[in-house]
1. Of these, ALA85, ALA67, ALA115, ALA96, which one is closer than 28 Å to GLN136 by Cα, surrounded by 10 or more Cβ atoms within 10 Å (Cβ to Cβ) and without any contact (Cβ under 8 Å) to a residue 60 or more places away in the chain?
2. Filter segment 155-201 down to residues that are at positive phi and either among the acidic types (Asp, Glu) or part of a helix (DSSP H, G or I) (or both), then give me how many there are.
3. State all residues of segment 1-43 that are under 22 Å from LEU169 (Cα atoms) and touching a helix residue (DSSP H, G or I) at 6+ places or on another chain (Cβ under 9 Å); if no residue qualifies, say none.
4. Taking the condition of being in contact with a Pro (Cβ under 9 Å, 6 or more places away or on another chain) and more than 25 Å from GLU55 (Cβ to Cβ), how many residues in segment 157-185 meet it?
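Where a number appears in this text, it was derived from the coordinates with a stated rule and is not lab data. Being a predicted model, the structure only gives us computed values, none of them experimental. Positions of Cβ are generated from backbone atoms using ideal geometry, with glycine treated the same way; all protein chains shown enter the neighbour counts.
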Amino acid sequence: MKVDERRNLVLPVVTERVVRKVTQEVEGKPVTKDVAEEVVRIHAFHVPISRAIFEQHYRVLASTKAALQGKGTAYLVSAGPRIAALTLKDECRKEAAALGMVDEQGNVQDEISEALFAEFKRLTTILCPGPHGWDQIPVGTAISSGKIDAEDWEEALAGIVFFTSHYALARKADRASAAKGTAEFLGASITSSTPTEFLASLPTLTQAAPTTKTPSSIPS
């Protein structure tokens with residue numbers, strides 16, 4: 001049995017605030033008003049980690065979840081999705097130290113988080129507007145080509161870690177609800193589709209859409 005079970009996470013990475021005209025009838029007369037809404041311009045499509053990766057890293061995933069939940073619900077809700085990746089990195093350093101992964105000077109060599117973060121990146125595809133419709137590109141290419149920046153990826157990665165620490169540790173019977181609940185909390189969605197199938201459900205692009213970014217949620 002795989003941990004993924006075709007429950008893929010789709011996160012908003014770049015959004016744009018757009019205003020459209022909406023006409024409604026008020027007291028028998030048409031009234032037009034502006035309605036603002038957030039439109040997702042770039043998505044991150046993440047395939048959950050495999051059972052093998054989970055079994056290799058279950059300790060740091062479990063300790064990350066415990067660390068996020070250990071300070072109460074308010075902390076988990078307000079800070080959890082923003083600091084999940086940093087928390088995982090802290091837990092990986094502790095694990096590396098416990099395993100004696102140090103250099104000759106006694107400095108911790110954290111190869112655990114490097115491997116896990118590389119796997120998260122490998123399992124994530126950036127879906128963005130291109131000259132002929134929607135493109136599917138690797139995270140590294142999306143950053144190097146300017147589709148997203150490093151901070152965009154850091155925020156998406158934090159969401160992926162938060163999702164993984166809850167979903168991968170859920171019992172089989174609870175995984176569907178864990179996936180749905182965690183995704184909704186992140187403002188994301190769960191799909192059993194492939195990236196190509198998911199893109200087919202999105203509006204057709206006739207030209208590359210603008211990618212005006214909303215202000216970062218991470219304080220500078």
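1. Working: ALA85 fails: without any contact (Cβ under 8 Å) to a residue 60 or more places away in the chain; ALA67 fails: closer than 28 Å to GLN136 by Cα; ALA96 fails: closer than 28 Å to GLN136 by Cα.
Checking each option against the conditions leaves just ALA115.
2. Start the filter on segment 155-201 by keeping residues that are at positive phi, which leaves 187.
Now narrow it down to the ones that are either among the acidic types (Asp, Glu) or part of a helix (DSSP H, G or I) (or both): none.
Selection size over segment 155-201: 0.
3. Filtering segment 1-43 down to residues under 22 Å from LEU169 (Cα atoms) leaves 1-11.
Hits for segment 1-43 are MET1, LYS2, VAL3, ASP4, GLU5, ARG7, ASN8, LEU9, VAL10, LEU11.
4. 1
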